[in-house]
Amino acid sequence: MLSTERHSHLSPHRHLNALATMPGGAVLAATNNPDRVEAPVTVKAYLACAFAAFGGIFFGFDSGYISGVMGMNYVINLYTGLPIPGPDATTAEKDAFVLPSWMQSLITSILSAGTFFGAIIAGDLADFIGRRTTIIAGCGVFCIGIVLQTASHGWKLLVAGRLIAGFGVGFVSAMIILYMSEIAPRKVRGALVSGYQQCITIGLLLASCVDYGTQNRTDSGSYRIPIGIQFAWALILAAGLFMLPESPRFYVKRGKIEAATVALARVRGQPVDSVYIQEELSEIVANLEIENDLIPNETYWSSWKACFTGSLWKPNSNLRLTILGTSMQMMQQWTGVNFIFYFGTVFFTSLGTISNPFLISLITTLVNVCSTPISFYTIERYGRRPILIWGALGMLVCEFIVGIIGTAVPNNTTVAKVQIAFICIYIMFFASTWGPAAWVVVGEIFPIPIRSRGVGLSTASNWLWNCIIAVITPYLVGTDKGNLGSKVFFLWGALCTACFFYAYFFVWETKGLTLEQVDQMMQECGSPRRSPGWTPTNTYASQKHADGKILVSHEEQGHGLHVASSAEAGEKLAHETV
């Protein structure tokens, strides 16, 4: 019920377009004011998003530890049988003491193969068991993979464990983005989702620190310690998520409006009967109903088909959005940053002038961690498009410089130091732009009927290209294969040039909008280049009323939800506030 004291200042004709009747006779207010489509937010909501971002530790640590492990003397000796070179070993003997390229490729890429399928499966599960539950399930699968890796005494069981762990990482990496995007307040959603990328960088840093601490061990602890520590990340994330609410938008999609009300109230830190909660919920419901009217997806296969419907030439069609999400993640991988984090130790060793490549890898990872928080401010101050465009420009300049000087003057200590400096600047550009912004955009662009599958497909694309890069890179830079050395940065520079034009022509500006308003913006703007500066003028709830349509929930008990006429709304509000 809406109390007189709390809502006596509201005019039913100025602020409320309609009232929706809830199961059990409750009243749900629906606003026509675009500024009131999201409830005020308390500190509790920020803390919930911040904790959910902890899932990035999975991604970062599991991606990062393997680079150091593959360079450890004990591991190389264990997997190849080659004797560890002594202090009097020749240069040729030291150069030969490495894992073969095919083994590096397999060990590194198999995780990405698992995450590819895990992300797609997660997109399915999230619409049936919920976003939060899918993440917790991913933690369980991940732990099984860690058990196998820790127990391994050869590369075969390690590979099997990384494959299974990959499924768990796929669950977590896809659904964390979806979960955070759906519960985060619109004005700071970009900054909060960027926290996920920050946690990825922290995971990479922790992996480098642990590898650095165990690299000289001459027993199985050299690789088992970095692997075993990952149990902690799974347990912390799973335990914390048990105490957080499910995404309200999941409940709306399932037609469980009462559960959605309770979840939204917890997320926003407001009373369940707050008019703010009712107005935000009515907007979510109205958006879902309009989307379902346009493209019904009543069956399992039709829900997948919906991701690929619409014209390729219509900028906001589901097909174009699916292509945008998957290509955005592809472009993020094309920047080449994971070349540094996966094969940095091997690359710095190949320069021939670096005495401690493990330390240099640690430094580059530290730059990654310290640069990401820049995006917390810039992504909300300047928007998604500008930082992606300027970030790509900065990266391509740095990469071409590294490639040019390394090719022109190879095996030079001074040149190697300059290369490392520009690699660090390049990482700074990535960490403050493409690193977080690509995840933010993917979490914002999909309409609710295809959101979980769209985010799942996009995340799968990230891992697919992650896998492809992990497979081909050892053959590009391996001394026993392509041996490109610094020339590989010409490839990354060219791909970053493609990222620059991609961001300019195809990326929408979604700063400061609710997820439902993003849909509206795409419909009205028609082109990503016209999206900066767009502001909403009405709400989905008011559109449903103007069309004279009925909002019908999919409540399993068979109860209905309808939007009343404006006359009925005024009468109902007057009755409830007396």
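The values are calculated or read from the model by the stated rules, or taken from the named source; none is laboratory data. Worth saying up front: this structure is predicted, and the values here are computed from it rather than measured. Please note: Cβ atoms are built from the backbone with ideal geometry, for glycine as well, and neighbour counts cover all protein chains shown. Accessible surface is based on the protein model in full, side chains and every heavy atom, while ligands, DNA and RNA are left aside. Shrake-Rupley method; radii C 1.70, N 1.55, O 1.52, S 1.80 Å.
List of remarks:
- Number of positions in the range 109-130 that are touching a residue at least 24 places away in the same chain (Cβ under 8 Å) and not in a helix (DSSP H, G or I): 3
- Restricted to helices (runs of 4 or more DSSP H) entirely inside the range 41-103, those with at least 3 residues that are within 21 Å of residue 204 (Cβ to Cβ) and at pLDDT below 85 are 43-52, 56-69.
- Number of positions in the range 474-483 that are crowded, with 19+ Cβ neighbours inside 10 Å and either at pLDDT 80 or above or part of a loop (DSSP other than H, G, I, E, B) (or both): 1
- Condition met for residue 409 (touching a Ser or Thr at 6+ places or on another chain (Cβ under 8 Å), open to solvent by 40 Å² or more (accessible area, probe 1.4 Å) and either among the β-branched types (Val, Ile, Thr) or at pLDDT 90 or above (or both)): no
- Residue check, residue 59 closer than 30 Å to residue 244 by Cα and open to solvent by 10 Å² or more (accessible area, probe 1.4 Å): yes
- Whichever residue in the range 222-268 is assigned to a loop (DSSP other than H, G, I, E, B) and among the small types (Gly, Ala, Ser) and, among such residues, is surrounded by the fewest Cβ atoms within 10 Å (Cβ to Cβ): 255
- From the options 325, 336, residue that is on the phi > 0 side of the Ramachandran plot, modelled with pLDDT of 85 or more and in contact with a Phe, Trp or Tyr (Cβ under 9 Å, 6 or more places away or on another chain): 336
- When the range 382-405 is limited to residues that are surrounded by fewer than 24 Cβ atoms within 10 Å (Cβ to Cβ) and among the small types (Gly, Ala, Ser), the one that is farthest from residue 502 (Cα to Cα) turns out to be 403.
- Helices (runs of 4 or more DSSP H) (entirely within the range 494-578) containing at least 3 residues that are surrounded by 14 or more Cβ atoms within 10 Å (Cβ to Cβ) and modelled with pLDDT of 50 or more: 515-525, 540-546
- Inside the range 363-381, residues that are open to solvent by less than 30 Å² (accessible area, probe 1.4 Å) and closer than 13 Å to residue 204 by Cα make up a count of 5.
- Output for the range 486-542, where each listed residue is out of contact with any helix residue (DSSP H, G or I) (no Cβ under 6 Å at 6 or more places or on another chain), under 30 Å from residue 419 (Cβ atoms) and not aliphatic (A, V, I, L, M): 501
- Checking each residue in the range 314-330 for being outside any helix (DSSP H, G or I) and free of Cβ contacts under 8 Å to residues at least 12 places away in the same chain picks out 314, 317.
- One residue from 324, 312, 319 being within 28 Å of residue 251 (Cα to Cα), among the aliphatic types (A, V, I, L, M) and either surrounded by fewer than 22 Cβ atoms within 10 Å (Cβ to Cβ) or out of contact with any helix residue (DSSP H, G or I) (no Cβ under 9 Å at 6 or more places or on another chain) (or both): 319
- The range 182-221, residues that are under 20 Å from residue 43 (Cβ atoms) and open to solvent by less than 10 Å² (accessible area, probe 1.4 Å): 182, 183, 184, 185, 189, 190, 193, 194, 196
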